[in-house]
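A quick write-up on the structure given underneath.
The values are calculated or read from the model by the stated rules, or taken from the named source; none is laboratory data. Note that the structure is predicted; figures quoted are calculated from it, not measured. Ideal geometry is used to build each Cβ from the backbone, glycine not excepted, and the neighbour counts take in all protein chains shown. Accessible surface is based on the protein model in full, side chains and every heavy atom, while ligands, DNA and RNA are left aside. Shrake-Rupley method; radii C 1.70, N 1.55, O 1.52, S 1.80 Å.
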Amino acid sequence: MSETVTIFEVGPRDGLQNEDALIATENKIALVDMLSDCGLSKIEVTSFVSPKWVPQMADAADVMAGIKRKPGVTYAALTPNLRGFQAAQAAGADEVAIFASASEGFSQHNINCSVAESLERFAPVAKAAIDAGLQVRGYVSCVAECPYDGLTPPQQVADVTKALIDLGCYQVSLGDTIGRATADQIASMLETVLLRTPVNQLAGHFHDTHGGAISNIAVSLERGIRCFDTSIAGLGGCPYAPGAAGNVSTESVAAFLADQGFKTGLDLQKIAKAAQFAITLRTTT
Ligand code: HMG
Ligand code: MG
C-alpha cells in the first residue's frame, strides 16, 4: 500500500499575505471553501497579526467567520502573541501556529524582536492553546539562508526547532523563506535537526524562488519527512523577505507526490480549478 504524505495548504495565508492590493474578504472565503473541497486535511486560513505589519490579513476574523467548515478539515491560523491567539480562538481556529526564525535578522524584521525574545513571547501562546485543547504548530524561518544575515548555521535551526517542540508544538515546519536553498543545504540542515527532533514532528516549507523546492521536497522525503506546506498556484511570499517567491505550488507537489507513488488524498482536478481561481486573485507580479 502506498504511503500517505500530508499537504498542508498555506496559500490563503502565506500566499495572500504578500499581495499588494487588498483582496476582498469574500474572495478569500471563496478560495478557502474551494480548497476545503479538494481533499486537503489542513488549511492555513489567515493570520491574527498586527494589521500595521501585514494589512492584507486585517480581515482574519471575518474570513474565519465566513468559511464553510468541512468536517475533517483543520482550519489553522498564525498567531504572533497572546492577543493574536485570543482572537484566533474566538474566531474558531482549530489549530494555531507560532513562528520563529533561525536567524536574528529575519526575526527582528518580521516580528520585531530577537529569537530568544520571540520564544519567550510564544511560550504563553503555546500554553494557552494547549490548555484550550488546540494543537500548536511551529515554524522556523530561514533554515538555509536569511535575507539579512546570509547563510544560517544548521545548529541554529536545530536549536530553535527543539525549543518550539519543548514549548509543546506537535510539529515544526522548516522554512526556506527566501526559496534559494539547494538540496545539499537542506540535507545537511536536516542531518543536524534530526539529531534532536524526531522526523515525524517535522514538515517542510519551501518557497520556490529558484525552482529548487521540488528537489528540496525529494531530499526531505528521503530523510522521512511526510508533511509539506504548499500554496495554491504558488501564490505569495513573505513581506519581510524581499524578492522571495511564493511557496511551491500545491498542484506541482500533488503531481510530484503522485508520480513518486505517495497518496495525498487530493482531487487533482479540483486543485487545478482552485489554482485557476487563485491566479485571478493575484495582484503582485
Ligand atoms: P510590534 O510593533 O513590536 O508590537 O509588533 P506592538 O505590541 O507594539 O504592536 C504594534 C501594533 O499592532 C499595536 O497597535 C498593537 O496593538 C497591534 P497600535 O497600538 O500601534 O495601534 N497588535 C496587534 N493587532 C492585531 N493582532 C495582534 C496584534 N499584536 C499587536 N495579534 C508583532 C510585533 C509580532 C505584533 C508584529 O511584528 C507582527 O504582527 N508581525 C507579523 C509579521 C507577519 O505576519 N509576517 C508574515 C508571516 S511569517 C512568514 O511568512 C514566514 C512563514 O511563512 C515561514 C517561512 O516561510 O519561513 C511562517
Ligand atoms: Mg512562508
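Sort out which residues of the range 103-117 are within 9 Å of ligand 1 (Cβ to nearest atom) and either buried (at least 23 other Cβ atoms within 10 Å of the Cβ) or β-branched (Val, Ile, Thr) (or both), and write them in order of number.
Phe106, Asn110, Ile111, listed by residue number.
Within the range 126-162, track down each residue that is closer than 17 Å to Asn81 by Cβ and assigned to a helix (DSSP H, G or I).
Residues of the range 126-162 that are closer than 17 Å to Asn81 by Cβ, as a first pass: 126-132, 134, 136-139, 141.
If the condition is that a residue be closer than 17 Å to Asn81 by Cβ and assigned to a helix (DSSP H, G or I), then Ala126, Lys127, Ala128, Ala129, Ile130, Asp131 are the ones that fit.
Can you tell me which residue within the range 205-229, out of those that are farther than 15 Å from Val193 by Cα and small (Gly, Ala, Ser), is farthest from ligand 2 (Cβ to nearest atom)?
Across the range 205-229, the extreme among qualifying residues is Ala218.
Would you tally the residues in the range 50-79 being closer than 19 Å to Tyr170 by Cβ and either out of contact with any Leu (no Cβ under 7 Å at 6 or more places or on another chain) or free of Cβ contacts under 8 Å to residues at least 12 places away in the same chain (or both)?
7
Give the residue that is most open to solvent (accessible area, probe 1.4 Å), with candidates limited to residues of the range 70-91 that are more than 11 Å from ligand 1 (Cβ to nearest atom) and assigned to a loop (DSSP other than H, G, I, E, B).
Among them, the one singled out is Pro71.
Filtering the range 250-278 down to residues that are touching a Leu at 6+ places or on another chain (Cβ under 8 Å) and without any contact (Cβ under 8 Å) to a residue 60 or more places away in the chain, which residue is surrounded by the fewest Cβ atoms within 10 Å (Cβ to Cβ)?
Among those residues, the one meeting the criterion is Gln260.
Any residue that is buried (at least 17 other Cβ atoms within 10 Å of the Cβ), in contact (Cβ under 8 Å) with a residue 12 or more places away in the chain and within 16 Å of ligand 2 (Cβ to nearest atom) - is there at least one of those in the range 192-203?
Yes - at least one qualifying residue is present in the range 192-203.
So the check is Cβ under 8 Å with 6+ separation or different chains; which pairs have a first residue in the range 175-186 that's more than 10 Å from ligand 2 (Cβ to nearest atom) and a second one that's β-branched (Val, Ile, Thr) and open to solvent by less than 10 Å² (accessible area, probe 1.4 Å)?
Ala181/Val143; Ile186/Val143
Residues to consider are Gly212, Gly179, Gly237, Gly204; find the one that is in contact with a Leu (Cβ under 7 Å, 6 or more places away or on another chain) and either among the β-branched types (Val, Ile, Thr) or within 16 Å of ligand 1 (Cβ to nearest atom) (or both). Break it down into steps so the answer makes sense when it comes.
On the way: Gly212 fails: in contact with a Leu (Cβ under 7 Å, 6 or more places away or on another chain); Gly179 fails: in contact with a Leu (Cβ under 7 Å, 6 or more places away or on another chain); Gly237 fails: in contact with a Leu (Cβ under 7 Å, 6 or more places away or on another chain).
Exactly one of Gly212, Gly179, Gly237, Gly204 is in contact with a Leu (Cβ under 7 Å, 6 or more places away or on another chain) and either among the β-branched types (Val, Ile, Thr) or within 16 Å of ligand 1 (Cβ to nearest atom) (or both), namely Gly204.
For Ile43, are the conditions met, namely being within 27 Å of Gln276 (Cβ to Cβ) and within 16 Å of ligand 2 (Cβ to nearest atom)? Quick ask: steps written out before the conclusion?
On the way: within 27 Å of Gln276 (Cβ to Cβ): yes; within 16 Å of ligand 2 (Cβ to nearest atom): yes.
So Ile43 fits the description; yes.
Just checking, how many residues over the range 221-245 are over 25 Å from Glu104 (Cβ atoms) and either under 16 Å from the mean Cα position of the chain (by Cα) or open to solvent by less than 10 Å² (accessible area, probe 1.4 Å) (or both)? Working first, answer last.
To start, the set of residues in the range 221-245 that are over 25 Å from Glu104 (Cβ atoms) comprises 221-228, 230-235.
After this cut, where a residue has to be either under 16 Å from the mean Cα position of the chain (by Cα) or open to solvent by less than 10 Å² (accessible area, probe 1.4 Å) (or both) as well, the list is 225-228, 230-235.
Summing the residues that are over 25 Å from Glu104 (Cβ atoms) and either under 16 Å from the mean Cα position of the chain (by Cα) or open to solvent by less than 10 Å² (accessible area, probe 1.4 Å) (or both) in the range 221-245 gives 10.
Those residues that are among the β-branched types (Val, Ile, Thr) and more than 9 Å from ligand 1 (Cβ to nearest atom), I need them from the range 46-69; list them, please.
Once the filter is applied, which keeps residues that are among the β-branched types (Val, Ile, Thr) and more than 9 Å from ligand 1 (Cβ to nearest atom), the range 46-69 yields Thr46, Val63, Ile67.
Identify the residue in the range 1-50 that is of a type in the set (D, E, K, R) and closer than 30 Å to Asn112 by Cα and, among all such residues, is surrounded by the fewest Cβ atoms within 10 Å (Cβ to Cβ). Quick ask: steps written out before the conclusion?
Applying the first criterion (of a type in the set (D, E, K, R)) to the range 1-50 yields 3, 9, 13-14, 19-20, 26, 28, 33, 37, 42, 44.
Adding the requirement that they be closer than 30 Å to Asn112 by Cα leaves 9, 13-14, 19-20, 28, 42, 44.
Numbers: Glu9: 30, Arg13: 30, Asp14: 26, Glu19: 17, Asp20: 12, Lys28: 24, Lys42: 19, Glu44: 27.
Once the filter is applied, the top-ranked residue is Asp20.
Of all residues in the range 19-47 being assigned to a loop (DSSP other than H, G, I, E, B) and at pLDDT 95 or above, which is nearest to Ala97 (Cα to Cα)?
Checked the range 19-47; the qualifying residue nearest to Ala97 (Cα to Cα) is Ser41.
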